[in-house]
Amino acid sequence: MTFRTRVRRNPVDRRVALLRDAERALAGFHRRSFPILGGALAETRPAMQAMRAVENADDYVVTADIPGVAPEDLSVAVEAGLLTLSGTRKSLDWSEDFSDEEKEAHSSRFERSVRFNGDIDQEGVTARSRNGQLRIVVPKLKPPVPEVTEVRVQTA
């Protein structure tokens, strides 16, 4: 049994991608300039570390590591067989009192998508977040059972 997934890693907008590139460049500079610190100055972590998908006999199970992301900041959507997980990770000093620019600077957005091999039951999808781990169960669509109808043979 083969399971193929296509996971797209698209930043939400171009500004986030540019900011992420700048953070990576700065992290590399700190690692090269301060090797004794082991890159501790450049410690940055992405909003979402890993996403895994496993196919079982009756369903698909998608797990994602999302430490520091509150369940109310997550969105799980299924449309035309495509599961999309998106959300926002807020930094520890994030506040509702910030301006829109400050809120954007103190948070990072992410979005991942998974397309499944077979047909799925979109109505039965469940998601549960616990201790920085998101678990999404996507049931497979049950194949229709053909009905057998007996036809009486009549004599002419």
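What are the pairs with Cβ atoms under 6 angstrom where one residue, in segment 53-67, is at pLDDT 90 or above and the other, located anywhere, is loosely packed, with under 13 Cβ neighbours inside 10 Å and assigned to a strand (DSSP E or B)? Sequence gap at least six, or different chains.
Qualifying pairs under 6 Å: Val61/Val54; Thr63/Arg52.
What's the total number of residues in segment 106-123 that are surrounded by 10 or more Cβ atoms within 10 Å (Cβ to Cβ), closer than 20 Å to Ala80 by Cα and not basic (Lys, Arg)?
The first filter runs over segment 106-123 and keeps only residues surrounded by 10 or more Cβ atoms within 10 Å (Cβ to Cβ), leaving 106-122.
From what's left, closer than 20 Å to Ala80 by Cα: 111-122.
Now drop any that are not not basic (Lys, Arg), which leaves 111, 113-114, 116-122.
The number of residues fulfilling the criteria is 10.
Suppose we filter segment 124-156 for residues that are closer than 13 Å to Gly81 by Cβ and without any contact (Cβ under 8 Å) to a residue 40 or more places away in the chain; how many remain?
1
Return only the number of the condition from (1) part of a strand (DSSP E or B); (2) of a type outside the set (A, V, I, L, M); (3) modelled with pLDDT under 85 that Arg32 does not satisfy.
Result: Arg32 fails condition (1) only.
The values are calculated or read from the model by the stated rules, or taken from the named source; none is laboratory data. As the structure is a computational prediction, the values presented were derived from the model and not from experiment. Glycine gets a Cβ as well: all are built from the backbone with ideal geometry, and neighbour counts include every protein chain shown.
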